[in-house]
1. Out of the stretch 17-46, which residues are closer than 20 Å to residue 72 by Cα and within 18 Å of the chain's Cα centre (by Cα)?
2. For the stretch 113-131, name all the residues that are over 17 Å from residue 180 (Cβ atoms) and surrounded by 16 or more Cβ atoms within 10 Å (Cβ to Cβ).
3. Can you tell which of 148, 125, 105 is under 17 Å from the mean Cα position of the chain (by Cα) and modelled with pLDDT under 95?
4. Please find, among 16, 73, the residue that is under 16 Å from residue 129 (Cα atoms), near the ligand (Cβ under 10 Å from one of its atoms), in contact (Cβ under 8 Å) with a residue 12 or more places away in the chain and of a type in the set (A, V, I, L, M, F, W, C).
5. Scan the stretch 93-101 and tell me whether some residue there is in contact with a strand residue (DSSP E or B) (Cβ under 9 Å, 6 or more places away or on another chain), in a helix (DSSP H, G or I) and within 14 Å of the ligand (Cβ to nearest atom).
6. State which residue pairs qualify: first residue touching a residue at least 60 places away in the same chain (Cβ under 8 Å) and inside the stretch 185-210, second residue of a type in the set (Asp, Glu) and surrounded by 12 or more Cβ atoms within 10 Å (Cβ to Cβ) in any location, beta carbons under 8 Å apart, and separation of 6 or more residues or different chains.
7. Given (1) more than 13 Å from the ligand (Cβ to nearest atom); (2) within 14 Å of residue 95 (Cβ to Cβ); (3) of a type outside the set (Ser, Thr, Tyr), where does residue 43 come up short, assuming only one miss?
8. Being over 13 Å from residue 15 (Cα atoms) and open to solvent by 50 Å² or more (accessible area, probe 1.4 Å) is the filter here; which residues of the stretch 162-175 pass it?
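The values are calculated or read from the model by the stated rules, or taken from the named source; none is laboratory data. The model shown is predicted, which means the values in this text are computed figures rather than measured ones. As a convention, Cβ positions derive from the backbone with ideal geometry for all residues, glycine included, and neighbour counts pool all protein chains shown. Side chains included, ligands, DNA and RNA excluded: accessible areas come from the protein's heavy atoms. Shrake-Rupley method; radii C 1.70, N 1.55, O 1.52, S 1.80 Å.
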Amino acid sequence: MSNVGKFVTFEGGEGAGKSTQLKNLAEHLTKLGRKVICLREPGGTPLGEELRTVLKSPASKSMMAETEALLFASSRAQLVGEIIVPALKQGTYVLCDRFVDSTLAYQSGGRGLDRSLVESVNRLACGTLVPDLTILLDLDPTHGLRRASVRDQGQADRFELLDQGFHQKVRAVYHSLVAAEPQRFLVLDATQTPSQLDEAIWHEVTRRFL
Ligand code: TMP
């Protein structure tokens, strides 16, 4: 699909600071008079937000990895069809906190599900939609999980409760995705200050799209 608007996704492990940077980018674009919508995954639609609650809740601890992958893809299919594709057709900048790369990193990398099956399910969810730019905020999980715990005041969700080994695998898959498609990604060291990250992201968005 060729997008009239631009589709920008934010990726990274726990506590990387994606939502702050997404909000900053939205503010820069809005100031320039661009139409912008901010979304998150899982979520972003009424159905997706219900799935988010189930997916993140520690009460869902018996959820099978396959169920998990399918529920993330269900939330995504709804978001793509209901919001993202129509918004892009209208020339809107769509900023999304996580997308398919998260499923490849967490469900294929972290959980160990077969990569090509996960990709097939996601083709069903998204068709040919691919982000125009993906910003990866790269952070060592030890550091990220500590940050997330402070942010959530110790109320860890189901993924934050998983061990370092899981999160190291997630990070390794993100690195492999960048190696496979370097032109789609902007990779930033998430230990930089929020304003340094903001500046680097805005510089890249300006260079590519404005
Ligand atoms: P977050 O929005 O606070 O980052 O929480 C979403 C959690 O869900 C996070 O731990 C990553 C996880 N996740 C997956 O495992 N697979 C996915 O496809 C997505 C979108 C998120």
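1. Of everything in the stretch 17-46, those that are closer than 20 Å to residue 72 by Cα and within 18 Å of the chain's Cα centre (by Cα) turn out to be 18, 19, 38, 39, 40, 41, 42, 43, 44, 45.
2. Passing the criteria: 113, 121, 125, 126, 129.
3. Every option except 148 fails the conditions.
4. None of the other options fit; the residue is 73.
5. yes
6. Close Cβ pairs satisfying both conditions: 190/138; 208/132; 209/132.
7. Result: residue 43 fails condition (1) only.
8. Residues satisfying the conditions are 163, 164, 168, 169, 172, 175.
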